[in-house]
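S.K.: Let me give you the structure first, and then I'll get to my questions.
The values are calculated or read from the model by the stated rules, or taken from the named source; none is laboratory data. Treat the numbers as computed from the prediction; the structure is a model and nothing was measured. Cβ: placed from backbone, ideal geometry, glycine included. Neighbour counts: every protein chain shown.
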Amino acid sequence: MERAGFTCEHCLSGKATLHVHHKYYETDRAPWDYPIDSLECLCEECHGRAQDVQVRLKRAVGRIQLREQMEELLGFALGLAATFSDDVIDAFSPNVLRGLCQGLGLPTAEVKALLKDGQIDGTSLRKLSERKWIELEHERELRNPPGSDTQDAGGTPPT
């Protein structure tokens, strides 16, 4: 809580009752044995919402029947998490790789070309993702130059 300045890290409230929220739990690990980046300081209301989302996610994951779908979901989650870390991601199956690419909206072939021994680091993924966003923005500008009377990709007429 001290690290967060005794403020909720979600809504920034400094007056509500605060809780330490564990982003995940592992079997046989004591609550105080987690890395600092796996903890959040949340007010009572935000903590309740975060716990509700975790329960809903666990229920949804629990309904997935096929191992291939679980691997794809894992890849998707790893891709989203990669935008916040430099961790090395192990794309140990084609399904994990597919989910990873879908999570970041990247072409599988381009990510596959960056793999080293089936792994890729978050920095490489972020750079590729940023490059792809710049390319998409450039394409959009070419289709709809400033001052044109055409609609943008979202179908919204220019103002």
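S.K.: Would you confirm, using the coordinates I've provided, whether L100 is assigned to a helix (DSSP H, G or I) and in contact with a strand residue (DSSP E or B) (Cβ under 7 Å, 6 or more places away or on another chain)?
M.R.: Considered against the rule, which asks whether it is assigned to a helix (DSSP H, G or I) and in contact with a strand residue (DSSP E or B) (Cβ under 7 Å, 6 or more places away or on another chain), L100 comes out as yes.
S.K.: Inside the range 29-49, can you point out the residues that are under 21 Å from L74 (Cβ atoms) and not hydroxyl-bearing (S, T, Y)?
M.R.: Across the range 29-49, the qualifying residues are R29, P35, D37.
S.K.: Condition test on F76, is it at pLDDT 90 or above, more than 16 Å from the chain's Cα centre (by Cα) and farther than 30 Å from K15 by Cβ?
M.R.: Considered against the rule, which asks whether it is at pLDDT 90 or above, more than 16 Å from the chain's Cα centre (by Cα) and farther than 30 Å from K15 by Cβ, F76 comes out as no.
S.K.: If you don't mind, there's one more thing I want to ask. Is it the case, given these coordinates, that S93 is surrounded by 13 or more Cβ atoms within 10 Å (Cβ to Cβ), closer than 30 Å to C8 by Cβ and among the polar types (S, T, N, Q)?
M.R.: Here the answer is no, as S93 does not meet what is asked.
S.K.: Identify, by number, the condition in (1) within 19 Å of E9 (Cα to Cα); (2) over 18 Å from the mean Cα position of the chain (by Cα); (3) part of a helix (DSSP H, G or I) that A81 doesn't meet.
M.R.: (2)
S.K.: Kindly list the number of the only condition in (1) part of a helix (DSSP H, G or I); (2) polar (S, T, N, Q); (3) closer than 26 Å to Y24 by Cα; (4) touching a residue at least 24 places away in the same chain (Cβ under 8 Å) that fails for S124.
M.R.: All conditions pass for S124, except number (4).
S.K.: Would you say L142 is in a helix (DSSP H, G or I) and surrounded by 15 or more Cβ atoms within 10 Å (Cβ to Cβ)?
M.R.: no
S.K.: Inspect the range 101-121 for any residue being within 29 Å of C11 (Cα to Cα), within 13 Å of the chain's Cα centre (by Cα) and not small (G, A, S) and give the result as yes or no.
M.R.: Yes; the residues of the range 101-121 include at least one that is within 29 Å of C11 (Cα to Cα), within 13 Å of the chain's Cα centre (by Cα) and not small (G, A, S).
S.K.: Filter the range 11-67 down to residues that are in contact (Cβ under 8 Å) with a residue 24 or more places away in the chain, surrounded by 12 or more Cβ atoms within 10 Å (Cβ to Cβ) and assigned to a loop (DSSP other than H, G, I, E, B), then give me how many there are.
M.R.: Matching residues across the range 11-67 total 3.
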